[in-house]
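Below is one structure; the comments refer to it alone.
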Amino acid sequence: MAPVSKSSTPRLGKALKRSFFDRDVREVASDLIGATMLVDGVGGIIVEVEAYHHTEPAAHSYNGPTPRNQIMFGPPGFAYVYRSYGIHWCVNFVCEAEGSASAVLIRALEPTHGLAAMRRRRHLQEVHALCSGPGKLTEALGITIAHNALPLDRPPIALHARTEDVEVATGIRIGITKAVDLPWRYGVRGSKFLSKPFPK
């Protein structure tokens, strides 16, 4: 996917409904690559995600429900927001049938909408660095715990299907110590907006 210039705003695909998330978390993760995520009109093209399934120990839901992860055990199509290392927020999309407790972590975006707001929130100008990590993108989009449990198909959140084909790369997930061999990280091959390049 070619980088988007500052002056261009790509057209949006069809709006994704909550039913989009009611299937295998890995399928959802792959299909989210190239989709557009907006929060109050600010956001961009999803270029990197990771899938987490309740059957593997890297998932927050692996040991059962807690006050923090309770939303994962509900129906699909809702946001799961948590604080990572006590520093930054991370946003996930709950997938699969109610009780499955599986989710997709959004790791990186290519900024396309509301760049001025993102730059103000992130205190930097470099477009490639605005959303190149899960904590960076939540700061850029203004996502906090207030967005936890919100539906993914109603304001302030809007998701739109990709409008062009993308080459989806896969690899192992980043920054975890359990289930490290699972190739459940997905992204746009060659994108300049990734948190970390995929192996060639």
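The values are calculated or read from the model by the stated rules, or taken from the named source; none is laboratory data. What you see is a predicted model; the values in this text were computed from it and never measured. Neighbour counts run over all protein chains shown; Cβ positions are idealised from the backbone, glycine included.
Observations on the model:
- Looking only at region 48-95, and only at residues there that are under 27 Å from GLU167 (Cα atoms) and small (Gly, Ala, Ser), the one that is surrounded by the fewest Cβ atoms within 10 Å (Cβ to Cβ): ALA58
- Scan of region 162-189 for residues that are more than 21 Å from SER84 (Cα to Cα), at pLDDT below 95 and hydroxyl-bearing (Ser, Thr, Tyr), ordered by number: THR163
- Selection within region 104-144: residues that are touching a Phe, Trp or Tyr at 6+ places or on another chain (Cβ under 7 Å) and assigned to a loop (DSSP other than H, G, I, E, B). The member of this set that is farthest from PRO10 (Cα to Cα) is THR144.
- Filter result for GLY13 (free of Cβ contacts under 8 Å to residues at least 40 places away in the same chain, under 22 Å from CYS131 (Cβ atoms) and not in a strand (DSSP E or B)): no
- From ARG121, ARG185, residue being farther than 25 Å from HIS60 by Cβ and either buried (at least 21 other Cβ atoms within 10 Å of the Cβ) or in contact with a Gly (Cβ under 7 Å, 6 or more places away or on another chain) (or both): ARG121
- Within region 145-200, strands (runs of 3 or more DSSP E) holding 1 or more residues that are closer than 13 Å to ALA108 by Cβ: 168-171, 185-188
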